[in-house]
Amino acid sequence: MGSNPAEGPANGPAVSREDFDALFETVRTWGRWAAADRGAWNRVTAEHVRRATATARSGTVVPLGRPWDTHPGPDNTKPALHHMSELGDVEPPEPSVYKDFLAVDYHGKGVSHLDALSHIAYRGRLYGGRAARDEVDAAGARFGSVSALGPLVTRGVLIDLPAVLGIEWLEPGRAVHARDLVAAERALGVTVGDGDAVLLRSGALRRRRELGPWNPGLASAGWHVDAVPLLAERAVALLGADGDSDVRPSPVEGLHSPVHALAVAAMGVPLLDNLDLEPLAAACAEAGRYAFMLVVTPLNVPGGTGSPVSPVAIL
């Protein structure tokens, strides 16, 4: 499962734009669902929810969201805001009231969030082929809004690649290939299936806590585009990671986030970015199983291209 020297850099092999475009056509699901702006979440039926609840055996609840990060750094260039707006000194004296204010530019590297289908366009087209300039403007998104998604309850699968490899983390820039997914399934005793949410742990948060922050926009472990056809074949509903799913540097010339383009714009698969998967990795290892019930409840923001989110895994 290690890097093949013949492939060159750890983020390789390189993929031409022509080959990427052919892959985009291969995996795209445009026109498949009537509720197009829900994309692959249409796959999750009541039966999938029942299947997910059956995986919650011990009742162990594991939050996956990172703390609200108000501290600037190389991986948090637009820190979240939090300040007090009332300190018991405005409203009538009893009971005293304390209020605070929250704000965030969440599509970055520091906040756990969900990417809705309006977040990514490729060659000017959103999922389904709609022209992005016609659907998204200063007032928000008219197609693919996070409010169209609603909550998701489905089976989650943790692909804990460092645990499989017997290492603490994947180094930034390490690509995860289709063969890695297959080997991880075999080692972890789990198989990704239709309607599943696949969470990829690279160990980025553990590395950050031990070695300090870096700019994951320049170097991060994540999926290589050669893994996407297998994920498409398995009919997944959601991809998530402790990064943002893309390996960086990108192996595709001229594209900074090729997995985003394939997942969101071609397949209609929303993404969960910047999760903290360390507690889940520990809980799965202790339980000896890597499938669980996953609950994702984005904010109901009409026109929003996504939402801060704190998903919960239940084992």
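Bear in mind these aren't lab numbers, they're just calculated from the coordinates by the rules spelled out. Just so it is clear, the model here is predicted, and its values are computed rather than measured. Glycine gets a Cβ as well: all are built from the backbone with ideal geometry, and neighbour counts include every protein chain shown.
Only loop residues by DSSP count here, and only those with at most 11 other Cβ atoms within 10 Å; note down the trypsin sites (Lys or Arg not before Pro) in segment 39-144 that meet that.
Working: sites: R43, R50, R51, R57, K99, K109, R123, R125, R130, R133, R142; in loops: R57, K109, R123, R130, R142.
Here the sparse-neighbourhood loop sites are R123.
In deg cm²/dmol and to the nearest 500, what is the mean residue ellipticity at 222 nm of the chain if only DSSP H runs of at least 4 residues count, each as -39500 (n - 2.57), divided by the residue total? Spell out each step's value before the answer.
On the way: 9 runs with 68 residues, N = 315.
-5500 deg cm²/dmol, from helical runs alone.
For segment 1-85, what mean projected area does the convex hull of the alpha carbons give, in nm²? Show your work: numbers first, answer last.
Values: hull surface 51.0 nm².
About 12.8 nm², averaged over all directions.
For segment 12-122, with only Lys/Arg (+1) and Asp/Glu (-1) charged at the beta-carbon, what is the dipole magnitude about the Cα centre, in debye rounded to 20?
On the way: 12 positive and 15 negative charges, 149 e Å.
Charge dipole, segment 12-122, about its Cα centre: 720 debye, nearest 20.
Using the Kirkwood radius over Cα pairs, work out the Stokes-Einstein diffusion coefficient for segment 50-188 at 20 °C and 1.002 mPa s, in µm²/s as a whole number. Walk me through the numbers on the way to the answer.
Numbers: Rh = 20.0 Å.
Translational diffusion coefficient: 107 µm²/s.
Would you mind pulling out the separation of the Cα centroids of segment 273-313 and segment 119-186, in Å?
Value for the Cα centre distance between the two parts: 13 Å.
Does segment 160-291 come out rounded, prolate or oblate, given a ≥ b ≥ c as the square roots of the eigenvalues of its C-alpha gyration tensor, rounded meaning a/c under 1.5 and, failing that, prolate meaning a/b above b/c?
Details: a/c = 1.68, a/b = 1.06, b/c = 1.59.
Cα axes put segment 160-291 in the oblate bin.
What are the semi-axes of the equivalent ellipsoid of segment 201-240, taken as the square roots of 5 times the eigenvalues of the Cα gyration tensor, listed largest first and rounded to whole Å?
Details: eigenvalues 144, 25, 11 Å².
Output for segment 201-240: semi-axes of 27, 11, 7 Å.
Would you compute, for the Cα atoms of the chain, the largest minus smallest coordinate along each principal axis and list the three values in descending order, in whole Å?
Principal axes ranked by extent give 71, 48, 42 Å for the Cα atoms.
Filter the GluC sites (Glu not before Pro) in segment 145-217 down to the DSSP loop ones having no more than 16 other Cβ atoms within 10 Å, then list what survives. The partial results should precede the final answer.
Values: sites: E168, E185, E210; in loops: E168.
Passing sites in segment 145-217 are E168.
Once you wrap a convex hull around the alpha carbon atoms of segment 83-138, what is its projected area averaged over all directions, in nm²? Walk me through the numbers before you get to the answer.
Details: hull surface 26.8 nm².
Over every viewing direction, the Cα hull of segment 83-138 projects on average to 6.7 nm².
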